[in-house]
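Peer 1: Quick one: structure below, then a few questions.
The values are calculated or read from the model by the stated rules, or taken from the named source; none is laboratory data. Since the structure is predicted, the reported quantities are computational estimates derived from the model, not experimental observations. All Cβ positions, even for glycine, are placed from backbone atoms using ideal geometry, and neighbour counts span all protein chains on display. The area values use the complete protein model at the heavy-atom level, side chains included, leaving out ligands, DNA and RNA. Shrake-Rupley method; radii C 1.70, N 1.55, O 1.52, S 1.80 Å.
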Amino acid sequence: MIAIIDYDAGNLKSVEKAFGALDQECVITGDGRKILAADRVVLPGVGAFGAAMEQLRQRGLDQVIREVVWQKKPFLGICLGMQLLFEGSEENGGAEGLGLLGGAIRKIPECDGLKIPHIGWNSLELSNRGRLFVGEETPYVYFVHSYYLQASDESIVKAKTEYGVTIHASVEQDQIFACQFHPEKSGRTGLRILQRFAEVQAG
């Protein structure tokens, strides 16, 4: 069973639909007990970093997420859900994240010819043998974001892309996986990535 965390940050149904297309049983829930009972957990999200963190804290889901990670269950953060795993974001004057991974979320700099938010398809440059990308060569995936990750430890970065700056587009550490892009909106490539996550064994 895959638990998709509901904390009013959107993008839940498309993630559920993508896993459904892979015949994976999943549930959308904000109930900590159900999340902890799941085999693997997904934290999606779109919107503002600070508001999302506040929702997680008010519902006690920040501690539930830490417990999932401590139990070494496979955990996937998507888009805002990826960013929340890190130490903090520049958004809204600065906000503290979950701090489960080292790094900061920064504003994509203004650049001639590039629109912000970054919306559209980009190729990924793969590195460090990420388990979500086994068999992929140059994945082409879909992004929607105005802020990007600078990870403290380059060894956890499994994919990068360029959009006026080098964006750390996917990371992996132990049983934590995260993607700035939206695998659920990235066609067959995205479905293959989600399938690999669904096949990861608990730590």
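Peer 1: Whole angstrom only: what separates the Cα centroid of the stretch 126-203 from the Cα centroid of the stretch 46-90?
Peer 2: 17 Å
Peer 1: Another one. Report, in debye and to the nearest 20, how large the dipole of the chain comes out about its Cα centre when Lys and Arg carry +1 and Asp and Glu carry -1 on their Cβ.
Peer 2: Charge dipole, the chain, about its Cα centre: 380 debye, nearest 20.
Peer 1: Quick one: how many Å² of Lys34 are accessible to a 1.4 Å probe, rounded to 10?
Peer 2: In the full protein context, Lys34 sits at about 110 Å².
Peer 1: Now a separate question. Given H placed on each backbone N at 1.01 Å, which residues far from Cys26 in sequence or on other chains put an amide H within less than 5 Å of it?
Peer 2: So Cys26 has HN proximity to Ile2.
Peer 1: Rolling a 1.4 angstrom probe over the protein chains, ignoring ligands and nucleic acids, what is the accessible area of Glu125 in square angstrom, nearest 10?
Peer 2: 120 Å²
Peer 1: Per the helix-only calculation at 222 nm, which mean residue ellipticity applies to the chain, given -39500 (n - 2.57) for every DSSP H run of n ≥ 4 and division by its residues, nearest 500 deg cm²/dmol?
Peer 2: -7500 deg cm²/dmol
Peer 1: Given a cut-off of 23 Å, name the pairs among Lys13/Lys72; Lys73/Lys158; Lys34/Lys160; Lys13/Lys34; Lys72/Lys160; Lys115/Lys185 whose C-alpha atoms lie farther apart than that in the structure shown. Working shown, then result.
Peer 2: Numbers: Lys13/Lys72 25 Å; Lys73/Lys158 19 Å; Lys34/Lys160 33 Å; Lys13/Lys34 18 Å; Lys72/Lys160 25 Å; Lys115/Lys185 20 Å.
Table pairs above 23 Å Cα-Cα are Lys13/Lys72; Lys34/Lys160; Lys72/Lys160.
Peer 1: With a 1.4 Å probe and all protein chains left in place, how much of the accessible area of the stretch 128-190 comes from carbon and sulfur atoms, in whole percent?
Peer 2: For the stretch 128-190, the apolar C and S fraction of the accessible surface comes to 42 percent.
Peer 1: Over the chain, average the accessible area per residue using a 1.4 Å probe and give it in Å², no decimals. Kindly include the intermediate steps, with their values, before the conclusion.
Peer 2: Working: 9070 Å² over 203 residues.
Averaged over the residues of the chain, the accessible area is 45 Å².
Peer 1: Still on this structure: Using amide H atoms built in the peptide plane, which far-off residues or other-chain residues are under 5 Å from Leu76 H to H?
Peer 2: Those lying under 5 Å, H to H, from Leu76 are Val41, Val42, Leu43, Phe177.
Peer 1: Additional query: Out of all DSSP beta bridges with both ends in the chain, state the antiparallel percent to the nearest 5.
Peer 2: Details: 25 of 41 bridges.
For the chain, the DSSP antiparallel bridge percentage is about 60.
Peer 1: Protein chains only, probe 1.4 Å: how do Asp6, Asp112, Asp153 rank by accessible area, largest first?
Peer 2: Working: Asp6 45, Asp112 155, Asp153 70 Å².
Ranked list, largest accessible area first: Asp112, Asp153, Asp6.
Peer 1: Within the stretch 1-95, list the GluC sites (Glu not before Pro) lying in a DSSP loop whose Cβ has at most 16 other Cβ atoms in a 10 Å radius.
Peer 2: Glu25, Glu87, Glu90
Peer 1: Between Gly135, Gly190, Gly97, which gets the highest mean-square fluctuation from a Gaussian network model of the chain, Cα cutoff 10 Å?
Peer 2: Most flexible of the set in this elastic network: Gly135.
Peer 1: Order Asp31, Asp174, most accessible first, counting only protein heavy atoms with a 1.4 angstrom probe.
Peer 2: In descending accessible area the options line up as Asp174, Asp31.
Peer 1: Work out the charge dipole of the chain with +1 on the Cβ of Lys and Arg and -1 on the Cβ of Asp and Glu about the Cα centre, then indicate which of Ala48, Ile119, Ser14 is farthest towards its positive end.
Peer 2: Ser14
Peer 1: Then there's this: Would you work out the charge dipole size for the stretch 20-105 about its Cα centre, treating the Cβ of every Lys and Arg as +1 and the Cβ of every Asp and Glu as -1, and quote it to the nearest 20 debye?
Peer 2: The dipole of the stretch 20-105 has a size of about 300 debye.
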